[in-house]
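Student: Shown below is the structure under consideration.
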Amino acid sequence: MKLVDQWRAIESGLPAGWSGVQLKLSTEQARDLPRAAQVLGSLNAGKVGPTLVFQVDRAGANGAQKAVHLFERLDDERTWCLLELSDVSVPDTPAVGASGITREVTPVAETWDAALGDLPSDWSDLLCELEIASSALLDRTALLCAPINPTRAGSRLAFTFRCSGRSGYGVSSSMARRCFERLDNEGIEGIVRVLRVLSDTDPVATQGPVWLVGGRML
């Protein structure tokens with residue numbers, strides 16, 4: 001079955017109001033996996049063993065329409081694949097604690113907005129931290145946030161990453177927010193903090209400043 005038809009079959013079985021799905025893709029011939037990864041690169045497909053794992057949203061930059069276009073490319077090239085549904089996200093509902101009392105959960109993307117809102121207008125380089133609530137979600141968080149190049153912060157349930165406001169090394173603030181929106185879509189709780197900030201830097205023949213934290217270069 002063509003990849004597009006497999007997607008249509010999966011899409012038809014999704015619950016009303018779905019916001020995103022996690023998909024797994026394997027190729028009929030192992031040698032075709034690198035080509036599939038190349039075509040699906042704009043969906044931030046990550047290789048996990050012999051499969052590719054990626055997220056398709058109902059709408060937006062990684063929306064279903066874009067995914068269908070990429071699936072059609074693989075079909076046209078006769079790169080035969082198997083597409084499987086791994087997980088589906090629906091709009092978040094209020095979290096309920098053990099006591100049965102509803103507690104308010106701030107979306108990760110909103111904590112990022114708040115962190116940026118406290119910065120001076122001429123900020124150029126940031127060292128940031130993403131802390132999550134569950135150790136069981138560390139691997140999934142790292143995959144969804146791959147574009148920010150997350151680095152584990154010791155034994156804590158946290159990752160550090162760099163953000164650039166102009167040029168040089170570090171993810172853009174908009175790409176970082178997109179990653180955090182993926183966490184929100186999957187109900188992964190967390191908070192983002194800015195640890196260090198530099199303003200109006202001007203890298204000359206370098207990729208930007210380097211921070212020395214705990215004996216490590218970040």
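Every read-out reported here was derived from the displayed coordinates using simple, explicitly stated rules and does not represent laboratory data. Keep in mind that what you see is a predicted model, and the values were worked out from it rather than measured. With ideal geometry, Cβ positions are generated from the backbone for all residues, glycine too; neighbour counts draw on all protein chains shown.
Student: Please list the equivalent ellipsoid semi-axes of the range 3-89, computed as the square roots of five times the alpha-carbon gyration tensor eigenvalues, in descending order and whole angstrom.
Tutor: Semi-axes (√(5λ), whole Å): 20, 13, 12.
Student: From the Cα gyration tensor of the range 102-200, with a ≥ b ≥ c the square roots of its eigenvalues, which class applies: rounded if a/c is under 1.5, or else prolate if a/b is larger than b/c, or else oblate? Present the calculation step by step, with values, prior to reporting the outcome.
Tutor: Working: a/c = 1.86, a/b = 1.49, b/c = 1.25.
Note, shape of the range 102-200 comes out prolate.
Student: Subtracting the Cα-Cα distance from 0.36 nm times the residue separation, let me have the gained length for residue 38 to residue 134 in nm, one decimal.
Tutor: So the chain would gain 31.4 nm between residue 38 and residue 134.
Student: When you count, for each residue, the other Cβ atoms within 10 Å and take the mean per peptide, how do 73-80, 176-183 rank with the highest first?
Tutor: 176-183, 73-80
Student: Where in the range 3-37 does the amide nitrogen come within less than 19 Å of the point 7 Å from the Cα of residue 76, taken along Cα to Cβ?
Tutor: Flagged as within label range: 3-8, 35-37.
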